[in-house]
Amino acid sequence: QVQLVESGGGLVQAGGSLRLSCAASRRTFSTYAMGWFRQAPGKERESVAAISWSGGNSYYVDSVKGRFTISRDNAKNTVYLQMNSLKPEDTAVYYCAADPKLLTIARATADYWGQGTQVTVSS
């Protein structure tokens with residue numbers, strides 16, 4: 001079992017930045033691919049970004065490429081999502097996810113995910 005706890009969400013104006021963090025409970029965190037989903041009201045869950053266990057491979061949905069950066073610190077069992085140049089359409093609940101495979105997270109599914117943190121971008 002892997003428990004994931006997100007933090008860092010909030011309200012920001014368009015063009016601003018936020019950094020999301022996700023702390024994982026399990027010591028074998030370093031063997032899991034990690035990522036972030038988001039879901040806006042009335043919309044399907046979307047995979048935003050994912051990173052392999054080593055950090056050597058990553059995935060981004062087209063709409064965030066060049067604006068968001070995913071990273072991880074295996075020594076701290078933590079994954080981050082740096083979000084720059086935020087847009088109102090980025091408004092959603094963001095969920096941290098963990099799965100043995102990066103491609104699984106890229107398909108917006110995973111073995112484990114957290115409770116979510118709200119990100120609201122005002123225009």
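The figures follow:
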quantity: Low-density loop cleavage sites - GluC sites (Glu not before Pro) in the stretch 1-85, where at most 10 other Cβ are within 10 Å (DSSP); calculated: Glu44
quantity: Helix-only [θ]222 nm of the chain, DSSP H runs n ≥ 4, -39500 (n - 2.57) each, per residue, nearest 500; calculated: -1000 deg cm²/dmol
quantity: Accessible area of the stretch 56-122 belonging to carbon and sulfur atoms, whole % at 1.4 Å probe; calculated: 46
quantity: Rounded to 5, percent antiparallel among DSSP beta bridges of the chain; calculated: 90
quantity: Accessible area per residue, Å², the stretch 1-63 with all protein chains present, probe 1.4 Å; calculated: 56
quantity: Under 15 Å from the Cα of Lys43 - aspartates and glutamates, other chains or at least 8 residues apart; calculated: Glu89, Asp90
quantity: In sequence order, calculated HN-Hα J values of the stretch 47-59 (Karplus, 6.51, -1.76, 1.60; Hz; x Gly/Pro); calculated: 7, 9, 7, 8, 9, 6, 4, 8, x, x, 10, 9, 9
quantity: Summed residue charge, Cβ within 12 Å of Gly55's Cβ, Lys/Arg positive, Asp/Glu negative; calculated: 0
quantity: Full-stretch length increase - Leu11, Arg67 - with 0.36 nm per residue and alpha-carbon distance subtracted; calculated: 18.4 nm
quantity: Rounded FRET efficiency, nearest 0.05, which uses the C-beta distance separating Ser85 from Thr109 and R0 of 41 Å; calculated: 0.90
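The values are calculated or read from the model by the stated rules, or taken from the named source; none is laboratory data. Note that this is a predicted model, so its numbers are computed, not measured. Cβ coordinates were reconstructed from backbone atoms using ideal geometry, including for glycine residues, and neighbour counts include every protein chain displayed. SASA here: full protein model, heavy atoms, side chains in, ligands and nucleic acids out. Shrake-Rupley method; radii C 1.70, N 1.55, O 1.52, S 1.80 Å.
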